[in-house]
Amino acid sequence: MNIRCAFCQTPYTLSRVAMLDALQEMDSQKLTHYDAHCPRCRRATQLPRQRMEMFMPKWRDELKQFEAEMKKNPQQEAPLPTPEAVADARQGTPTAEAGPKPEPKATKEKPAAKAKPATKKAPAAQKPATAGASKGKKTTKKSK
């Protein structure tokens with residue numbers, strides 16, 4: 001379902017799973033609208049229940065099919081981060097999970113080139129230009 005944020009006008013979509021979740025939540029809590037949060041400004045755009053049901057008229061059947069799919073193909077949850085890893089991430093230090101950093105490869109060093117002495121002269125200081133003071137130009141208007 002395509003949505004445009006009511007505040008920042010950013011277009012975004014609600015996936016099939018998000019719509020099923022929203023319809024299930026609205027049905028269980030007897031809500032009249034769903035608040036879809038914009039990925040850019042994080043503000044909520046209200047979507048009426050009728051509009052959601054218009055896009056998925058048989059959402060209860062689709063929810064049952066989705067639950068059956070999830071039972072056949074279970075998804076593993078990501079492990080929760082440890083408090084030490086969270087503290088290290090806040091301080092910007094690498095954790096032990098990141099592993100050791102690879103050592104730089106040894107390369108043959110080339111002899112350093114001789115530095116040339118600086119022979120360029122510093123540019124002369126320029127005088128500030130004043131309005132109407134340029135050489136050879138008149139500032140008077142011609143009359144017809």
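We did not get these values from a lab; they are worked out from the coordinates using the rules stated. Not measured: the values here are computed from a predicted model. Glycine also receives a Cβ, built like all others from the backbone with ideal geometry; neighbour counts cover every protein chain displayed.
Could you tell me whether residue 74 is assigned to a loop (DSSP other than H, G, I, E, B) and farther than 24 Å from residue 6 by Cβ? Yes. Kindly check whether there is at least one residue in the stretch 79-97 that is within 20 Å of the chain's Cα centre (by Cα), of a type outside the set (S, T, N, Q) and surrounded by 10 or more Cβ atoms within 10 Å (Cβ to Cβ). Yes, some residue in the stretch 79-97 is within 20 Å of the chain's Cα centre (by Cα), of a type outside the set (S, T, N, Q) and surrounded by 10 or more Cβ atoms within 10 Å (Cβ to Cβ).
Being farther than 22 Å from residue 17 by Cβ and surrounded by 11 or more Cβ atoms within 10 Å (Cβ to Cβ) is a condition met by no residue of the stretch 53-74. Close contacts from the stretch 1-29, counting a first residue that is closer than 17 Å to residue 63 by Cα and a second that is among the hydroxyl-bearing types (Ser, Thr, Tyr) and loosely packed, with under 15 Cβ neighbours inside 10 Å, with Cβ to Cβ under 8 Å and a gap of 6+ residues or different chains, come to 1/13; 26/32.
All of (1) outside any helix (DSSP H, G or I); (2) in contact with a helix residue (DSSP H, G or I) (Cβ under 8 Å, 6 or more places away or on another chain) hold for residue 20 with one exception: (1).
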